[in-house]
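To keep things clear, I will list the structure first and then write my remarks on it.
The values are calculated or read from the model by the stated rules, or taken from the named source; none is laboratory data. Worth saying up front: this structure is predicted, and the values here are computed from it rather than measured. Neighbour counts are summed over all protein chains in view; Cβ atoms, including those assigned to glycine, are modelled from backbone coordinates with ideal geometry.
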Amino acid sequence: MFIDPHVHMTSRTTDDYEAMAEAGVVAVIEPSFWLGQPRTQVGSFQDYFSSLVGWEPFRASQFGIKHYCTIGLNSKEANNEALAEEVMELLPLYLHKENVVAVGEIGYDDQTPAEDKYFRQQLELAKEFDMLVQVHTPHRDKKAGTIRSMEVCLEHGLDPSKVVIDHNNEETVQEVLDRGFIAAFTIYPKTKMGNERMVEVVKRFGSDNIIVDSSADWGVSDPLAVPKTARLMLKRGVSREDVIKTCYQNALDVFSKSGKMEESHWLNAEGIDQSKLFNDNSVLRGQQPRIDSDKIV
Ligand SMILES: [Zn+2]
């Protein structure tokens, strides 16, 4: 069994859901983020957040995958301050929903003053709601941006064991682990952090507090990155125990602290029933629904 704790399923197809379920992915966490172009109105955020707590979990369930999400104002769009103010007012309406396991993904992109302001405000919100935080670290000026993200979390009094720092690499991981945060790694198919490099990270830094994810979205990315990396780790001699920790257990351990994610959600799940509807809508296009009378697991 695998968990992909960072994947933007809204941007993916039903083929991806089928392939992920087939490869052993039992649960996903979908962070709210940007669309590739800036939103112009708060209503776009509202509908997007609503889909992350409504339609998308339903769609995932139709393929036997348990869907959770994180809700937040992403760093890029924090730079439109007028809009950001309106989004901040929306967040409390969504954070308490049953599949929302953290405030995220939040943090820095260009490390502007506006990004800093809304990152800090959302950390305060996480404290107020007693929630986990999922941090997006900048792709430019990565190391300084990662350290700054953690220092700001500590300054606001967050418990580092309840903060997942994502998009790490070999240069940042030690700093993250030393400070007691959870270090997530996004595996990109061709650039940045590839799965061969991930194998070396686990060999060098061990498996404690390290998480593998795909961050698959509308760009070139791979929704099977977690199972593929797991397979490669085994092939390269990483122990089965370390593979389970980095590709399943560590994500479960940290995100279950939300009180909203638990193993029984998939171990005791009812079988797939594609005859079900969400607001009178189904994922089928007149096709025969798949109905499993037996349990999935
Ligand atoms: Zn993301």
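Cβ-Cβ distances below 8 Å connect the following pairs, each with a first residue in the stretch 132-145 that is part of a strand (DSSP E or B) and at pLDDT 95 or above, a second residue that is away from the ligand (no atom under 14 Å from the Cβ) and not hydrophobic (A, V, I, L, M, F, W, C), and a separation of six or more residues or different chains: LEU132/LYS162; LEU132/LYS257; LEU132/SER258; VAL133/GLN122; VAL133/LYS162; VAL135/SER149.
Can you tell me which residue within the stretch 157-166, out of those that are assigned to a helix (DSSP H, G or I) and of a type outside the set (D, E, K, R), is surrounded by the fewest Cβ atoms within 10 Å (Cβ to Cβ)?
Residue satisfying both the conditions and the ranking: SER161.
Does GLN37 satisfy being surrounded by fewer than 17 Cβ atoms within 10 Å (Cβ to Cβ), within 16 Å of the ligand (Cβ to nearest atom) and either within 25 Å of GLY107 (Cα to Cα) or within 18 Å of the chain's Cα centre (by Cα) (or both)? It is true that GLN37 is surrounded by fewer than 17 Cβ atoms within 10 Å (Cβ to Cβ), within 16 Å of the ligand (Cβ to nearest atom) and either within 25 Å of GLY107 (Cα to Cα) or within 18 Å of the chain's Cα centre (by Cα) (or both). Contact map, the stretch 198-216: first residue over 10 Å from PRO5 (Cβ atoms), second residue more than 16 Å from the ligand (Cβ to nearest atom) and of a type in the set (D, E, K, R), Cβ cut-off under 7 Å, separation 6 or more or different chains; pairs are VAL199/ARG236; VAL201/GLU170; VAL202/ASP242; SER207/ASP242; SER207/LYS245. What do you reckon, is GLY43 surrounded by 18 or more Cβ atoms within 10 Å (Cβ to Cβ) and more than 30 Å from GLU241 (Cβ to Cβ)? So GLY43 fails the test.
Here's a check for you: in the stretch 104-127, which residue that is closer than 18 Å to PRO138 by Cβ and among the hydrophobic types (A, V, I, L, M, F, W, C) is surrounded by the fewest Cβ atoms within 10 Å (Cβ to Cβ)? The extreme case among them is ALA114.
Yes/no per residue for (1) closer than 23 Å to SER275 by Cβ; (2) in a helix (DSSP H, G or I); (3) touching a Ser or Thr at 6+ places or on another chain (Cβ under 6 Å); (4) within 16 Å of the ligand (Cβ to nearest atom):
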{"residue": "ILE3", "(1), (2), (3), (4)": "no, no, no, yes"}
{"residue": "SER44", "(1), (2), (3), (4)": "no, yes, no, no"}
{"residue": "ARG59", "(1), (2), (3), (4)": "yes, yes, no, no"}
{"residue": "PHE63", "(1), (2), (3), (4)": "yes, no, no, no"}
{"residue": "GLU85", "(1), (2), (3), (4)": "no, yes, no, no"}
{"residue": "VAL101", "(1), (2), (3), (4)": "no, no, yes, yes"}
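With respect to the conditions (1) closer than 28 Å to LYS276 by Cβ; (2) out of contact with any His (no Cβ under 8 Å at 6 or more places or on another chain); (3) not in a helix (DSSP H, G or I), PRO38 lacks only one, and its number is (1). A single member of VAL220, VAL254, VAL238 is touching a residue at least 40 places away in the same chain (Cβ under 8 Å) and of a type in the set (A, V, I, L, M, F, W, C), and it is VAL254.
This table checks each residue for (1) in a strand (DSSP E or B); (2) within 16 Å of the ligand (Cβ to nearest atom).
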| position | (1), (2) |
| --- | --- |
| ASN168 | no, yes |
| LEU177 | no, no |
| GLY180 | no, no |
| PHE185 | yes, yes |
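Out of (1) within 16 Å of the ligand (Cβ to nearest atom); (2) more than 19 Å from ALA78 (Cβ to Cβ), what's the single condition that is false for SER50? So the condition that SER50 fails would be (1).
Selection within the stretch 125-149: residues that are within 18 Å of LEU73 (Cα to Cα) and aliphatic (A, V, I, L, M). The member of this set that is nearest to the ligand (Cβ to nearest atom) is VAL135. Of the set (1) small (Gly, Ala, Ser); (2) free of Cβ contacts under 8 Å to residues at least 60 places away in the same chain; (3) within 16 Å of VAL7 (Cα to Cα), all apply to GLY286 but (3). Looking across VAL226, VAL201, VAL238, one residue alone is within 16 Å of the ligand (Cβ to nearest atom), β-branched (Val, Ile, Thr), in contact with a helix residue (DSSP H, G or I) (Cβ under 7 Å, 6 or more places away or on another chain) and within 24 Å of GLN174 (Cα to Cα). It is VAL226. Under the condition of being part of a strand (DSSP E or B), within 16 Å of the ligand (Cβ to nearest atom) and either farther than 24 Å from THR14 by Cα or not β-branched (Val, Ile, Thr) (or both), the residues counted in the stretch 204-223 number 2.
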